[in-house]
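The values are calculated or read from the model by the stated rules, or taken from the named source; none is laboratory data. Keep in mind the model is a prediction, meaning the values are calculated, not measured. Here the Cβ positions follow ideal geometry from the backbone for every residue, glycine too, while neighbour counts run over all protein chains shown. With ligands, DNA and RNA removed, areas are computed over all heavy atoms of the protein, side chains included. Shrake-Rupley method; radii C 1.70, N 1.55, O 1.52, S 1.80 Å.
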Amino acid sequence: MRRRPSRSLPYLSGLLLAVGAVALAGTPALANSASPATCVTGCTAVFDTAGTATFTAPPAATSLTATIVGASGAPAPLAITADPTAVGGAGGSATIALGAAYAGRTFSVTVGAAGTGSASQLTSGGSLVAVAGGGGGGGYAGLLDLPGQIFATYPGGAGGSPTTAGVTAGGAGTAFGTLAANGGGGSAAAGAAGAGDAPGVPGAAPSGTAAVAGGAGGSLTIGTTTHHAGSGGAGYAGGGGGAIMRNVPNGDSPVDVVAPGGGGSGFLATGLTASAAAAGTGAGTVTFTWSFTPKATTAATTVKPGDTVTVQVSGLPSNIPFTETFAGATVASGTTDASGAATVTFTVAAGQAAGSFPVQTVVAGSVVASTSAVTVVIPAAVAGGPQLADTGSTAAAWAPAGAAAAVLLVAAGALLLVLRRRLRA
């Protein structure tokens with residue numbers, strides 16, 4: 001029980017709150033932020049506008065999670081809004097490891113509206129994937145014959161967090177501990193209604209295919225003031241609505257309790273795992289996060305200038321442009337198909353230097369994948385013709401010079417012999 005000094009509180013109609021909730025619930029939800037189409041690692045799509053939407057997970061994603069958060073419950077209807085204790089129950093939450101098995105699948109996304117205790121949920125292929133329960137509405141204690149005499153406020157029960165497969169119960173209301181007037185949390189069954197002078201309404205039973213509503217809180221008019229107990233939060237099963245109970249023993253003089261509602265239960269499909277996430281204290285949210293593991297391969301291992309190289313890329317986002325580089329030069333470009341794959345070819349440049357180089361796939365200025373190294377060799381004819389192993393000189397260049405030298409030597413010897421004979425004579 002949260003005590004605070006007595007103060008005068010203005011009357012706040014629960015009807016206005018309900019009308020606002022209906023208006024919000026009818027608004028289509030859009031991804032308020034999303035990574036660019038060329039994102040490869042740590043990509044996100046965030047839905048935080050109350051309503052429904054669809055999301056298709058990238059077909060080639062190798063990791064995929066969804067963080068789902070239910071909406072908080074309504075504050076106590078007669079509490080001053082500036083009072084920090086006058087809050088509804090927190091929404092349930094979890095980060096679900098969907099994995100590559102859910103890549104390419106389309107989800108129906110429901111986002112809960114702040115202060116309504118509505119659940120957030122995911123369905124796919126007509127089957128329920130997860131529900132984060134909504135929080136129950138808040139309550140208070142005081143002297144209802146004197147509307148300004150409010151002594152304490154109580155948060156509603158928390159929505160169930162789908163951190164394990166199956167159903168996770170929502171929390172019950174907390175006025176005076178286990179007071180019968182508190183709304184019960186939803187579980188695999190509907191949350192029980194609070195009992196009292198103005199009983200609450202049980203939560204809705206599970207449908208198995210979608211989140212259901214919580215029960216309404218009891219209402220009691222005293223004089224000209226109508227008091228509304230906290231309603232139950234929505235969930236796999238709805239939380240029960242709180243009741244209004246008068247003359248509750250308080251260790252001194254009896255007080256009247258306008259009890260809080262219970263939270264709706266959470267749900268996680270069989271075969272999935274999840275971890276805890278931050279509880280919902282306002283509007284619900286659904287955030288998808290994913291990454292890719294791109295690959296680039298080629299059958300080419302040794303090539304020469306003029307050869308054609310074929311490169312296969314896969315594991316990329318759908319329908320995005322990319323380029324291929326080889327030895328520091330851009331050699332090809334393409335666009336992935338709907339599955340995130342493509343095949344491109346390029347011709348090794350005539351002036352390409354010898355060496356070993358990978359073919360690199362570039363998306364939005366970043367290298368995202370590389371093939372094994374491809375070795376470029378330069379044929380001997382291109383390098384300068386056949387070489388003499390011993391001397392390094394070509395036969396064609398030296399044969400004519402050697403023959404001419406031999407002829408000159410023979411002629412010189414004959415001339416010398418003629419000159420000697422003449423001198424003797």
Query raised in the report: What number of residues within segment 137-163 satisfy the criterion of being in contact (Cβ under 8 Å) with a residue 24 or more places away in the chain and surrounded by fewer than 24 Cβ atoms within 10 Å (Cβ to Cβ)?
Result: 10
Report task. Can you tell me which residue among THR308, THR302, THR281 is within 30 Å of SER118 (Cβ to Cβ) and hydroxyl-bearing (Ser, Thr, Tyr)? Result -> THR281
Report summary line: When restricted to THR298, THR224, THR281, THR270, the only residue among the hydroxyl-bearing types (Ser, Thr, Tyr) and open to solvent by less than 40 Å² (accessible area, probe 1.4 Å) is THR298
Query raised in the report: Out of segment 185-219, which residues are closer than 18 Å to THR153 by Cα and open to solvent by 40 Å² or more (accessible area, probe 1.4 Å)?
Result: SER219
Requested in this report: With the condition kept exactly as written, say whether any residue in segment 29-49 is in contact with a Lys or Arg (Cβ under 8 Å, 6 or more places away or on another chain), assigned to a strand (DSSP E or B) and either at pLDDT 95 or above or open to solvent by 30 Å² or more (accessible area, probe 1.4 Å) (or both).
Outcome: no
**Report entry** Qualifying positions in segment 368-392 - more than 18 Å from THR308 (Cα to Cα), open to solvent by 90 Å² or more (accessible area, probe 1.4 Å) and at pLDDT 90 or above
**Finding:** none
Requested in this report: For segment 138-186, please list each of the strands (runs of 3 or more DSSP E) lying entirely inside it that holds at least 2 residues being over 40 Å from the mean Cα position of the chain (by Cα).
Outcome: 139-143, 149-154
**Report entry** Of the criteria (1) free of Cβ contacts under 8 Å to residues at least 40 places away in the same chain; (2) surrounded by 24 or more Cβ atoms within 10 Å (Cβ to Cβ); (3) in contact with a strand residue (DSSP E or B) (Cβ under 9 Å, 6 or more places away or on another chain), which one ASN182 fails
**Finding:** (1)
Query raised in the report: How many residues are in contact with a Cys (Cβ under 9 Å, 6 or more places away or on another chain) and under 24 Å from SER275 (Cα atoms) when one looks only at segment 32-75?
Result: 4
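Scan segment 325-332 and tell me whether some residue there is assigned to a strand (DSSP E or B), at negative phi and in contact with a Gly (Cβ under 6 Å, 6 or more places away or on another chain).
No, segment 325-332 contains no residue that is assigned to a strand (DSSP E or B), at negative phi and in contact with a Gly (Cβ under 6 Å, 6 or more places away or on another chain).
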Requested in this report: Could you check GLY134 against (1) open to solvent by 20 Å² or more (accessible area, probe 1.4 Å); (2) touching a strand residue (DSSP E or B) at 6+ places or on another chain (Cβ under 9 Å) and say which number it fails?
Outcome: (1)
Requested in this report: Considering only residues that are over 17 Å from ALA169 (Cα atoms) and at pLDDT 95 or above, look in segment 66-87 and name the one that is surrounded by the most Cβ atoms within 10 Å (Cβ to Cβ).
Outcome: ALA66
Requested in this report: With the condition kept exactly as written, say whether any residue in segment 285-295 is in a loop (DSSP other than H, G, I, E, B), more than 30 Å from THR85 (Cβ to Cβ) and of a type in the set (Phe, Trp, Tyr).
Outcome: yes
Query raised in the report: Does any residue in segment 101-121 that is in contact (Cβ under 8 Å) with a residue 24 or more places away in the chain and assigned to a loop (DSSP other than H, G, I, E, B) come within less than 6 Å, Cβ to Cβ, of a residue that is open to solvent by 40 Å² or more (accessible area, probe 1.4 Å) and among the hydrophobic types (A, V, I, L, M, F, W, C) six or more places away or on a different chain, and which pairs are these?
Result: ALA113/LEU24; ALA113/ALA25; ALA114/ALA283
Query raised in the report: Consider SER231 against the criteria (1) more than 19 Å from GLY160 (Cα to Cα); (2) open to solvent by 40 Å² or more (accessible area, probe 1.4 Å); (3) part of a loop (DSSP other than H, G, I, E, B): it satisfies all of them except one. Which criterion is unmet?
Result: (1)
Query raised in the report: Under the condition of being of a type in the set (A, V, I, L, M, F, W, C) and part of a strand (DSSP E or B), which residue from segment 303-321 is nearest to the chain's Cα centre (by Cα)?
Result: VAL313
Report task. Among the residues of segment 108-129, count how many are surrounded by fewer than 24 Cβ atoms within 10 Å (Cβ to Cβ) and either touching a Gly at 6+ places or on another chain (Cβ under 6 Å) or more than 24 Å from GLY214 (Cβ to Cβ) (or both). Result -> 4
